[in-house]
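Written out below as C-alpha cells is the structure these notes cover.
No lab work stands behind these numbers, since they all come straight from the coordinates. A quick note: this is a predicted structure, and the numbers were derived from the prediction, not measured. FYI the Cβ positions are ideal-geometry reconstructions off the backbone, even for glycines, and counts take in every protein chain you see.
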Amino acid sequence: MGVQERRARQRQELRQEILEAARDLFVREGFENVSMRKVADRIEYSPTTIYLYFQDKADLLDSVCVETLAKLDARLQALRDATSDPLERLKRGFRAYVEFGLEYPNDYRVAFLTEFKASAEPPRELRCRAMGQKTFDHLRTGVAECIRQGIFAPRDVEAVSQSLWAAMHGITSLFILHPRFPWIDRDTLITAMIDIVFQGLRPA
C-alpha cells in the first residue's frame, strides 16, 4: 500500500471514529448537551481536528443519520431484488426494519428518536433528507404496486405508506425504549403485527 492510500485509510478510520463517538454521546447526553469539544475529548484529539472533518455539530448529526439510513436502505434494496411479489416484499421489509433497529439501537435512536428543544433543532441537510426519502421510497413503491394489483383496497398511497411506517417505528421504538416490558417472543409479536396490519389493507 502506498503512502497516499495509507493516509486516505487513516483519514477514513479517524472520520469513522469521530462518528461513533458522536453517536454514543448524542444517545447518552442528548444532542443539546454535546459539544464538538466533548466529541474531541472522547477520542482524545483536539477540537481543531474534528473541524477538519465536520463543519459543526449539526453536520455531525447529519452524517450519523445519513450513515444509518444508507445501511437501512441497503437492506431494503436487497429485499427488493430478492422477490418480485410486492406484498411479500413489504412484509419482509417490515420485519427487516424492526430487526435493523434492534441490531443498531444507538443508530436508530439518533436517526429516529433524537429530541430537540423547539428553538434548538439543527437544520437538516439535503443529504439526510435525500437519503431518508430514498429509503422511504421502498415502502411507498411497494404500497403503490399492491394497490395497483388489487392486493390492497384503493387508498391514498402516501397515507398508507405513512401508516405502515408509523407501525414499524412504533414497535421498533417500544422494543428499544422499554426492554423490560414483559413482551411475548419478539418474532411472534412482529409476525402478529404484520398479519394484523396487512389484513386491514386488503379489499373488503
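Quick look at the numbers
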quantity: Theoretical ellipticity at 222 nm over the chain - DSSP helices of four or more residues, -39500 (n - 2.57) apiece, nearest 500; calculated: -24500 deg cm²/dmol
quantity: Kirkwood Rh and Cα Rg combined as Rg over Rh, evaluated for the range 1-54; calculated: 1.06
quantity: Those chymotrypsin sites (Phe, Trp or Tyr not before Pro) in the range 165-195 that DSSP places in a loop and that have at most 14 other beta carbons within 10 Å; calculated: TRP183
quantity: Quarter of the Cα convex hull surface for the range 56-199, i.e. its orientation-mean projected area (nm²); calculated: 9.6
quantity: Surrounding net charge for ARG186, when Lys and Arg each add one and Asp and Glu each subtract one, Cβ distance under 11 Å; calculated: -2
quantity: Count, lysine Cα pairs under 21 Å in the chain, 8 or more residues apart or across chains; calculated: 6
quantity: FRET efficiency, TRP183 to SER163 (Cβ-Cβ, R0 22 Å, nearest 0.05); calculated: 0.45
quantity: Distance (nanometres) between label positions extended 7 Å along Cα→Cβ at GLN16 and LYS38; calculated: 2.5
quantity: With 10 Å bins from 0: P(r) over the range 141-195, alpha-carbon pairs, percent; calculated: 21, 42, 25, 12, 0
quantity: Counted charge near THR172, where neighbours are those whose Cβ lies closer than 13 Å (Asp, Glu -1; Lys, Arg +1); calculated: 0
quantity: Distance between modelled label sites at ALA130 and THR191, nm, 7 Å Cα→Cβ extension; calculated: 4.1
quantity: Pairwise FRET efficiency - LEU102 versus ALA78, Cβ, R0 = 22 Å, nearest 0.05; calculated: 0.80
quantity: The chain: DSSP helices with Cα axial extent of at least 30 Å and average Kyte-Doolittle hydropathy no lower than -1.0; calculated: 57-82, 126-148
